[in-house]
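Asker: To start, I am sharing the structure in question, which I have written as structure tokens.
The values are calculated or read from the model by the stated rules, or taken from the named source; none is laboratory data. Everything quoted here is computed from the prediction, not taken from an experiment. Cβ placement follows ideal geometry from the backbone for every residue including glycine, while neighbour counts extend to all protein chains displayed. What goes into the accessible areas is simple: the full protein's heavy atoms, side chains included, and nothing from ligands, DNA or RNA. Shrake-Rupley method; radii C 1.70, N 1.55, O 1.52, S 1.80 Å.
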Amino acid sequence: MTLSTVPADGVAVPPGAIAPIMKMAEAQPVRDAKPSLMGMTREDLGDALRSVGIEERQVRMRVGQLWHWIYFRGADSFDRMTNVSKDLRARLAESFVIARPEIVSEQISVDGTRKWLLRFPPRGAGRPVEVETVYIPEEGRGTLCVSSQVGCTLTCSFCHTGTQKLVRNLTKEEIVAQVVVARERLGDFPDRATEAGAIVPKEGRFVSNIVMMGMGEPLYNFDNVRDALQVATDGEGLSMSRRRITLSTSGVVPMIARAGEEIGTLLAVSLHAVRDDLRDELVPLNRKYPIAELMAACRDYPGLSNARRITFEYVMLKGINDSPADARELVRLLRGIPAKINLIPFNPWPGSRYECSDWDTIEAFSDIVNRAGYASPIRTPRGRDILAACGQLKSATERLRIRERLALEAMIGGADED
């Protein structure tokens with residue numbers, strides 16, 4: 001199984017060159033400290049314009065122009081804004097930037113999945129931070145898995161991301177920037193070309209769906225996630241449909257209703273167990289918000305209907321949570337909730353004590369859930385060879401050694417051949 005790593009200039013190199021690429025990126029200078037317009041809401045942009053002396057009667061029109069260039073056309077400099085006066089462009093350039101994170105590396109899986117390691121500049125007295133963003137192309141859509149935090153506080157025992165301690169929340173700018181970078185790299189903005197050989201949907205937008213399932217717990221960074229998704233769903237900019245955005249939570253019960261009211265996207269819940277004693281181990285947050293409370297919050301989710309079902313994510317762990325009895329209890333727990341169950345074959349990572357359930361076991365589990373009237377698709381693992389599959393994301397601040405990565409590739413390759 002091969003691993004392709006591509007730096008920002010788009011030139012592919014062999015696996016052995018991963019470390020030099022990252023080292024070279026670390027030597028780049030720190031970005032200008034001017035505030036960035038990236039991620040700003042319309043209200044924020046209005047305030048920014050007022051701060052450089054734009055008259056109130058012009059603010060709304062100028063906001064519309066900036067919004068179009070930044071979010072619809074993907075402009076990365078004020079010089080590209082040809083319908084904005086030179087004087088205003090100069091004033092804006094003196095005070096602001098339209099920042100992009102540094103692309104430390106881009107890895108491309110054999111199945112077309114892409115993983116970007118993005119570095120954001122320091123905040124206050126902090127240090128630069130790195131997060132991973134994943135793009136998954138499919139026949140009729142392209143899904144972007146977006147991170148909301150650097151690291152994670154939840155320490156789910158089966159999740160590689162959970163082994164990295166929380167560093168900080170991402171800002172709304174940094175969340176929106178992940179979407180912009182993906183569209184830019186894929187040629188999904190007007191006047192941007194798509195590189196030869198890139199695997200993207202044949203029709204429509206290349207980034208058509210967003211899942212807030214990357215690094216971190218989105219509901220522990222509520223305000224920034226809400227504001228970033230407000231920018232993403234504005235119909236005159238990035239123009240993402242709320243019905244094509246899924247916010248995933250491990251079960252922060254007090255914030256679930258607020259997410260439905262203020263964000264209004266689809267909801268996914270990382271369940272993974274049907275008994276409190278087991279879920280306490282797999283998802284330690286369960287000790288604070290046990291299954292009964294979580295199910296009650298799901299039943300009360302604003303807008304819940306057969307057309308807006310909750311997705312329950314259930315990772316299949318061999319001999320742990322994959323028995324027929326577990327499947328029957330799952331059906332009982334979800335009774336009365338419009339739901340879909342995503343069965344996720346466990347994705348291996350170095351040091352994990354778990355194994356993926358046998359395929360026959362997963363199919364038998366799925367059959368029980370299906371017969372009860374719930375859709376239970378088995379998620380096809382994507383991007384395993386570049387550690388981009390569900391539960392495998394981890395910042396390169398705790399990067400795998402090359403030999404560990406190659407050992408993991410061999411392990412995955414052997415499993416795929418069985």
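Asker: Output the residues belonging to the range 355-367 that are touching a residue at least 40 places away in the same chain (Cβ under 8 Å) and surrounded by 18 or more Cβ atoms within 10 Å (Cβ to Cβ).
Answerer: Residues satisfying the conditions are 356, 357, 362, 365.
Asker: Which of the residues spanning the range 171-209 are in contact with a strand residue (DSSP E or B) (Cβ under 8 Å, 6 or more places away or on another chain) and more than 18 Å from residue 115 (Cα to Cα)?
Answerer: 173, 205
Asker: Still on this structure, please answer the following. Of the residues 112, 74, which is surrounded by fewer than 18 Cβ atoms within 10 Å (Cβ to Cβ) and small (Gly, Ala, Ser)?
Answerer: Every option except 112 fails the conditions.
Asker: Residues being touching a Phe, Trp or Tyr at 6+ places or on another chain (Cβ under 9 Å) and of a type in the set (Gly, Ala, Ser): count how many of those fall in the range 79-98.
Answerer: The number of residues fulfilling the criteria is 2.
Asker: Looking only at the range 136-159, how many residues end up being open to solvent by less than 10 Å² (accessible area, probe 1.4 Å) and not β-branched (Val, Ile, Thr)?
Answerer: Going through the range 136-159 one residue at a time, the tally reaches 7.
Asker: Could you go through the range 389-412 and let me know if any residue there is modelled with pLDDT of 60 or more and assigned to a loop (DSSP other than H, G, I, E, B).
Answerer: Within the range 389-412 (the criterion being modelled with pLDDT of 60 or more and assigned to a loop (DSSP other than H, G, I, E, B)), the answer is no, since none of the residues qualifies.
Asker: If residue 133 satisfies all but one of (1) modelled with pLDDT of 85 or more; (2) buried (at least 22 other Cβ atoms within 10 Å of the Cβ); (3) in a loop (DSSP other than H, G, I, E, B); (4) not small (Gly, Ala, Ser), what's the number of the condition it fails?
Answerer: Among (1) modelled with pLDDT of 85 or more; (2) buried (at least 22 other Cβ atoms within 10 Å of the Cβ); (3) in a loop (DSSP other than H, G, I, E, B); (4) not small (Gly, Ala, Ser), the lone unmet condition for residue 133 is (3).
Asker: Just give me the residues in the range 156-171 being more than 18 Å from residue 213 (Cβ to Cβ) and modelled with pLDDT of 85 or more, in sequence order.
Answerer: Listed by number, the residues that qualify are 167, 168, 171.
Asker: Kindly indicate whether residue 90 is free of Cβ contacts under 8 Å to residues at least 60 places away in the same chain, farther than 30 Å from residue 345 by Cα and either among the polar types (S, T, N, Q) or part of a loop (DSSP other than H, G, I, E, B) (or both).
Answerer: Spelling it out, it is not the case that residue 90 is free of Cβ contacts under 8 Å to residues at least 60 places away in the same chain, farther than 30 Å from residue 345 by Cα and either among the polar types (S, T, N, Q) or part of a loop (DSSP other than H, G, I, E, B) (or both).
Asker: Of all the residues that make up the range 53-71, how many are in contact (Cβ under 8 Å) with a residue 12 or more places away in the chain and either within 36 Å of the chain's Cα centre (by Cα) or surrounded by 13 or more Cβ atoms within 10 Å (Cβ to Cβ) (or both)?
Answerer: Number of matching residues: 13.
Asker: Still on this model: In the range 185-217, how many are open to solvent by 30 Å² or more (accessible area, probe 1.4 Å) and outside any loop (DSSP other than H, G, I, E, B)?
Answerer: Of the residues in the range 185-217, 1 are open to solvent by 30 Å² or more (accessible area, probe 1.4 Å) and outside any loop (DSSP other than H, G, I, E, B).
Asker: Applying the selection to the range 41-52, what residues are assigned to a helix (DSSP H, G or I), of a type outside the set (Lys, Arg) and either surrounded by fewer than 18 Cβ atoms within 10 Å (Cβ to Cβ) or at pLDDT below 95 (or both)?
Answerer: 43, 44, 47, 51
Asker: Right, next: Yes or no: residue 339 at pLDDT 95 or above, more than 23 Å from residue 216 (Cα to Cα) and either open to solvent by 30 Å² or more (accessible area, probe 1.4 Å) or under 25 Å from the mean Cα position of the chain (by Cα) (or both)?
Answerer: Yes; evaluated as a whole, the condition is true for this residue.
Asker: On to the next question. Taking the range 214-253 as the region of interest, how many residues are over 15 Å from the mean Cα position of the chain (by Cα) and among the β-branched types (Val, Ile, Thr)?
Answerer: So the answer is 4.
Asker: Looking at (1) more than 14 Å from the chain's Cα centre (by Cα); (2) closer than 21 Å to residue 282 by Cβ; (3) not charged (D, E, K, R), which is the only condition residue 186 fails?
Answerer: (2)
Asker: Cβ-Cβ below 7 Å, separation at least six or inter-chain, first residue in the range 127-144 and within 13 Å of residue 177 (Cβ to Cβ), second among the hydroxyl-bearing types (Ser, Thr, Tyr) and assigned to a strand (DSSP E or B): which pairs?
Answerer: Pairs found: 144/133; 144/135.
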